[in-house]
Amino acid sequence: MTEASNSAVDRRALRTGRRADGTPARVTRRRAETRERLLNAALTVFAERGFGRVGIEEICEAAGYTRGAFYSNFDSIDQLFFVLYERQAELVMAQVHDALAGATPDEGLPALLDRVIDALLIDRTWVLVRTDFLLYAARNPDTATALIQHREAIRETLQPVVAGVVDLDTMPPALRDPEALTAAVLALHDAAAGRLLLEPDLATLRPWLRDMLTALLSPRR
């Protein structure tokens, strides 16, 4: 195998956590730290200047690395963004699972929603970056396709959680399908994120999101 091929395999292992044969890949502590610093630096400069207005050099400069360090971890800025996207999705799902872990069987929907919404750390910086990337993807069909696939993966992860706290038979006919109901929950989350851009007040946003989710998920009589 050539040196270039070895490099490509190394990058794949770092991105996916697995080698080409599917076995777990070993990532050194130093390399993991480099990757994390690049991700955090990219998030900062994306938020400050806007996605699409930032080049690899600017990310490397903010992180204190060379272009070589970037290409040892990511193939492109788009690919770096999707790693950020997956990291944020995993954080949100962890918050949801942690919030529901302490729930008791007799807790009703309002108490469960309180648990989840109080646990969510809604990050305006991430919302800014994600919104920029959404507009960028709208103008780039290949990127749009990849973004749709990532959003679908999030919906599939969240779907069992939603179905587990809601009696689907009590929902309106259009929302009795777990996929449709989960999509509606995510649409409300997106609406809350959009509101946060113009009104960066979590004290107001959390009750609004709680009211909207309660209206969506409450049983219909």
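Throughout, read-outs are computed from the coordinates displayed, never taken from laboratory work. Every value quoted in this text rests on a predicted model; they were computed, and no experiment measured them. Glycine also receives a Cβ, built like all others from the backbone with ideal geometry; neighbour counts cover every protein chain displayed.
Between Thr157 and Ala111, the C-beta separation translates, for a Förster distance of 25 Å, into a calculated FRET efficiency of about 0.60.
Taking 0.36 nm per residue of separation and subtracting the Cα-Cα distance, what length does fully extending Arg87 through Ile148 add? Walk me through the intermediate numbers first.
Values: separation 61, 0.36 × 61 = 21.96 nm, distance 1.63 nm.
Taking 0.36 nm per residue and subtracting the Cα distance, the gain is 20.3 nm.
With the charge dipole of the chain set up from +1 on Lys and Arg Cβ and -1 on Asp and Glu Cβ about the Cα centre, the Cα lying farthest toward the positive end among the listed residues Gly50, Cys60, Leu128 is that of Cys60. Coupling constants for the range 152-167 follow from the phi torsions by the Karplus curve (6.51 cos²θ - 1.76 cosθ + 1.60, θ = phi - 60°), and in residue order they are 5, 5, 5, 4, 5, 6, 7, 3, x, 5, 4, 5, x, 10, 10, 7 Hz; glycine and proline get x. Between Leu188 and Asn140, the C-beta separation translates, for a Förster distance of 22 Å, into a calculated FRET efficiency of about 0.25.
Computed from point charges on the beta carbon alone (+1 for Lys and Arg, -1 for Asp and Glu), the dipole magnitude for the chain about its Cα centre is near 500 Debye.
Full extension from Thr44 to Asp98: what is 0.36 nm times the residue separation minus their Cα-Cα distance, to one decimal in nm? Roughly 16.7 nm would be gained on extension.
With helices as the sole contributors, the chain gives -24000 deg cm²/dmol at 222 nm; each DSSP H run of n ≥ 4 counts as -39500 (n - 2.57), and the sum is divided by every residue.
Please give the per residue volume of the convex hull enclosing the alpha carbon atoms of the chain, rounded to a whole number of Å³. It would help to have the intermediate numbers written out before the result.
Details: hull volume 35.5 nm³, N = 221.
That works out to 160 Å³ per residue.
Against the chain, whose longest principal axis is taken from its Cα atoms, helix 77-101 shows a tilt of about 40°.
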